[in-house]
Amino acid sequence: MKEKVDLLNKDYESKTAQELLAAVLADFGKHLVVASSLGAEDQVITDMVLKLYPKARIFILDTGRLHQETYAVIDASMKKYGHNYEIYFPDTKSVQDMVSQKGMNHFYTSVDNRKECCFFRKVEPINRVLGSADAWVTGLRATQSVTRTTLQKAEWDLGHEMIKLNPLADWSDEDVWAYIHKNDVPVNALHEQGYPSIGCAPCTRAIEPGEDLRAGRWWWESADQKECGLHVVDGKLVRKSNEKKESFD
Ligand code: SF4
């Protein structure tokens, strides 16, 4: 599979993000899904994809702990694009059991507890979504954090055993915002309040000028632990879809 990914990266090297998305839509069609966390990068991808293919499958994981501002982006995007997202929720019993036994905010108490919460609220639902696809698209960028520095436009997702595509891998923060302003893309109001990266409300804070872009995510943990379990990063984190511990974001 490494050879196939190397070939894709060679093919995608000179392509713009839009050209890459057009190519993967042609290659994978309805077997392609786009992940959206409603952050700035994912809004760029959403705008590009829906202009290329209005019926594209774009999915959202509603963890049950999102900001109201994030829900507002969902509604604004549905209105602007006339598009319906696929919105996935965690397994009810898993979350009920977890919070009944450990409380509502146990994720602050240890990395294991935080990963457990991310697993039930994000990883298990995304495993369900990706089980229906052959490839998925993310808005990840290499310069977002120390855990993403070697990110490539095409990767083999070991955890899900499928192709993962990152059309914005080589984009800068400035590129993202220039596209948003030029194309009048709906964005989360929290970005203007110092939140460059937005996840669940209790696990996201605003950052200070000069801080790492993902410093506001799980800020009580060290930088190399800050992945929520949705992605294999640098090939370090591997988990089969039915396993519970460890992570891949
Ligand atoms: S980001 Fe926080 S609240 Fe959201 S799933 Fe992970 S630990 Fe739970």
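Of the residues in the range 112-132, none is in a strand (DSSP E or B) and touching a residue at least 60 places away in the same chain (Cβ under 8 Å).
Hey, can you tell me all the residues within the range 169-205 that are part of a loop (DSSP other than H, G, I, E, B) and acidic (Asp, Glu)?
Quick first cut of the range 169-205, residues part of a loop (DSSP other than H, G, I, E, B) only: 169-172, 184-188, 194-199, 205.
Matches in the range 169-205: 170, 184.
Considering 176, 187, the condition of being away from the ligand (no atom under 13 Å from the Cβ) and touching an Asp or Glu at 6+ places or on another chain (Cβ under 6 Å) is satisfied by 176 alone.
Specify the residue that is surrounded by the most Cβ atoms within 10 Å (Cβ to Cβ); the eligible residues are those in the range 115-129 that are within 9 Å of the ligand (Cβ to nearest atom) and under 12 Å from residue 64 (Cβ atoms). Taking the candidates together, the pick is 117. Scanning the range 206-219 for residues that are within 11 Å of the ligand (Cβ to nearest atom) and not in a strand (DSSP E or B) yields one hit, 218. Kindly indicate whether any position in the range 120-135 is modelled with pLDDT of 95 or more, of a type in the set (Phe, Trp, Tyr) and under 15 Å from the mean Cα position of the chain (by Cα). Taking every residue of the range 120-135 in turn, none turns out to be modelled with pLDDT of 95 or more, of a type in the set (Phe, Trp, Tyr) and under 15 Å from the mean Cα position of the chain (by Cα). The listed residues are 41, 69, 86, and the only one of them that is under 25 Å from residue 172 (Cβ atoms), surrounded by fewer than 22 Cβ atoms within 10 Å (Cβ to Cβ) and modelled with pLDDT of 95 or more turns out to be 69. From the list 55, 51, 79, 93, the lone residue that is within 19 Å of residue 176 (Cβ to Cβ) and more than 15 Å from the chain's Cα centre (by Cα) is 51.
The values are calculated or read from the model by the stated rules, or taken from the named source; none is laboratory data. Bear in mind the structure is a predicted one, so any value in this text is a computation, not a measurement. Quick reminder, even Gly has a Cβ in these numbers, built from the backbone with ideal geometry, and neighbours come from all protein chains shown.
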